[in-house]
Amino acid sequence: MRSEGEDGEIADMMCCASCGTADVDNIIKLKDHNVLDGSAACQKDHTSQQERDYCESRAAEIRDAILFKQPESSHLGECPICLLPLSLDTKAIMQSCCSKLICIGCFYASIRYEVVKMIKNKKRSCPFCRQPEPKSAAEIEHYKMKRRKSNDPVAIQEAGKRCYHDGDYERAFEYFSKAIDIEVGDADVEAEAHYCLSFMYRDGKGIGRDTQKRVYHLEEAAIGGHPKARHDLGVHEVYQGRIERAARHFIISANLGHDASLKALRELLAAGEVGREDFVTAFRAHQAAVNATKSRERAEAIAIGAMQIVAKSRSFSVEANSK
């Protein structure tokens, strides 16, 4: 997830190095400012091969500065109730009424409280928005439909996932694309939809295989704080022989608590491709990220098998977070 400060730094990089201004599209043309910024319009204005080469190099430099920025948190963000980071390897509960991911600790605590305090004939409610819990599949679908009609990108991308698993790849592609196109100003909200499109382009289901588009969507997801997308980018760079770039991706993802990325770094360390100091730093950051997601309530809920209890309920959809 990017902060306002990080967005400001990125905006500064896209401004004219001479006067510090930019138009509405962040495009600074050579003829107006005599500065090369690497934008598509800037490249089009140049005629000599030297100018075009420099322009492409500048565009790649700006892209890398954005791509390799360490996100403050994963795309999952925080539980909206306890405000602790959502764990990458622990299931959370997707509420059909408000499309919020509630950590298992808060969800189980809500159930336990309402069981103790429940007034006769009073329905249980959502721990976040307090909507009465649905009692049938039709009510669940009604809630989801309302969220989609209100252009909730999370509800729309979840609809895309259902279509994908049902084999309706064309509609899945439409839902994922729509979730990205909705302007909510939050890169982490779009990250999961970008990641879903990346594996559609990888597998070619419903659309043709396209490695370039797959990598683009992986990068957009990684920028939004998606650790699995960042890990997949690292694997792609390894296959391309760009080990240094791969290591940078693995370090950023490991810093968010991603286990597979830490394992990949350990393998690069054994191969002599990563320094021990870099690995130790990433290892400590990984442990800190994992520890930040722990709480007594979550530990208790997991210990008693709360996810299995919740899974039997028809009222809520259970989503396993991508590891």
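Go through GLY241, GLY257, GLY206 for me and flag whichever is in a loop (DSSP other than H, G, I, E, B), surrounded by fewer than 18 Cβ atoms within 10 Å (Cβ to Cβ) and at pLDDT 95 or above. Walk me through how you get there before you give the answer.
On the way: GLY257 fails: surrounded by fewer than 18 Cβ atoms within 10 Å (Cβ to Cβ); GLY206 fails: at pLDDT 95 or above.
Every option except GLY241 fails the conditions.
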Members of region 260-283 found to be outside any helix (DSSP H, G or I) and either among the small types (Gly, Ala, Ser) or within 17 Å of ALA222 (Cα to Cα) (or both), listed by number: ALA271, GLY272, GLY275
Please enumerate the residues belonging to region 70-98 that are over 30 Å from PHE250 (Cα atoms) and not aliphatic (A, V, I, L, M). GLN95, SER96, CYS97, CYS98
Go over the candidates ALA301, ALA247 one by one and state the one that is over 20 Å from the mean Cα position of the chain (by Cα), open to solvent by less than 20 Å² (accessible area, probe 1.4 Å) and not basic (Lys, Arg). ALA301
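Quickly run through region 168-178 and pick out the residues that are in a helix (DSSP H, G or I) and open to solvent by less than 70 Å² (accessible area, probe 1.4 Å). Walk me through it before giving the result.
From region 168-178, those in a helix (DSSP H, G or I) are 169-178; that's our starting set.
TYR169, ALA172, PHE173, TYR175, PHE176, SER177 - these are the residues of region 168-178 that are in a helix (DSSP H, G or I) and open to solvent by less than 70 Å² (accessible area, probe 1.4 Å).
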Show the residue pairs that are 6+ apart or on different chains and have beta-carbon atoms under 9 Å apart, the first residue being within region 41-63 and closer than 20 Å to ILE223 by Cα and at pLDDT 70 or above, the second being assigned to a helix (DSSP H, G or I) and open to solvent by 70 Å² or more (accessible area, probe 1.4 Å). ALA59/ALA40
Please go through region 72-82 and give me each residue that is in contact with a Cys (Cβ under 7 Å, 6 or more places away or on another chain) and open to solvent by less than 40 Å² (accessible area, probe 1.4 Å), ordered by number. CYS79
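For every residue, the table says whether it meets (1) under 9 Å from the mean Cα position of the chain (by Cα); (2) of a type outside the set (Asp, Glu); (3) under 22 Å from PRO71 (Cα atoms).
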residue: HIS194; (1), (2), (3): yes, yes, yes
residue: ASP203; (1), (2), (3): no, no, no
residue: GLY206; (1), (2), (3): no, yes, no
residue: LYS213; (1), (2), (3): no, yes, no
residue: GLU220; (1), (2), (3): yes, no, yes
residue: LYS228; (1), (2), (3): yes, yes, yes
residue: ASP232; (1), (2), (3): no, no, yes
residue: TYR239; (1), (2), (3): no, yes, no
So which of ALA260, ALA282 ends up being in contact (Cβ under 8 Å) with a residue 60 or more places away in the chain, more than 30 Å from ILE111 (Cα to Cα) and not acidic (Asp, Glu)? ALA260
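So which of SER73, SER136, SER99, SER150 ends up being of a type in the set (Ser, Thr, Tyr) and touching an Asp or Glu at 6+ places or on another chain (Cβ under 6 Å)?
Going through SER73, SER136, SER99, SER150 in turn, just one is of a type in the set (Ser, Thr, Tyr) and touching an Asp or Glu at 6+ places or on another chain (Cβ under 6 Å): SER99.
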Filter region 179-194 for residues that are surrounded by fewer than 24 Cβ atoms within 10 Å (Cβ to Cβ) and touching a helix residue (DSSP H, G or I) at 6+ places or on another chain (Cβ under 8 Å); the one that is modelled with the lowest pLDDT is ALA187
Looking at (1) hydrophobic (A, V, I, L, M, F, W, C); (2) in a helix (DSSP H, G or I); (3) farther than 18 Å from VAL235 by Cα; (4) open to solvent by 20 Å² or more (accessible area, probe 1.4 Å), can you tell me which one VAL215 breaks? (3)
Neighbours by Cβ (under 8 Å, 6+ apart or cross-chain): first from region 67-80, among the small types (Gly, Ala, Ser); second open to solvent by 30 Å² or more (accessible area, probe 1.4 Å) and in a loop (DSSP other than H, G, I, E, B): SER73/MET1; SER74/MET1; GLY77/MET1
Taking the residues in region 135-167 that are touching a residue at least 24 places away in the same chain (Cβ under 8 Å) and part of a loop (DSSP other than H, G, I, E, B) as candidates, determine which candidate is farthest from LYS123 (Cα to Cα). ASN151
Just give me the residues in region 83-108 being open to solvent by 10 Å² or more (accessible area, probe 1.4 Å), in a loop (DSSP other than H, G, I, E, B) and not aliphatic (A, V, I, L, M), in sequence order. SER87, ASP89, THR90, LYS91, CYS97, CYS98, SER99, LYS100
Could you tell me whether any residue of region 291-306 is of a type in the set (A, V, I, L, M, F, W, C) and modelled with pLDDT of 95 or more? yes
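Out of curiosity, is ALA109 modelled with pLDDT of 85 or more and more than 28 Å from the chain's Cα centre (by Cα)?
no
The values are calculated or read from the model by the stated rules, or taken from the named source; none is laboratory data. These numbers were taken from a predicted model, which means no experiment stands behind them. Don't worry about glycine lacking a Cβ; one is built from the backbone with ideal geometry, like all the others, and counts go over all protein chains shown. Note: areas computed on protein heavy atoms with side chains; ligands, DNA, RNA excluded. Shrake-Rupley method; radii C 1.70, N 1.55, O 1.52, S 1.80 Å.
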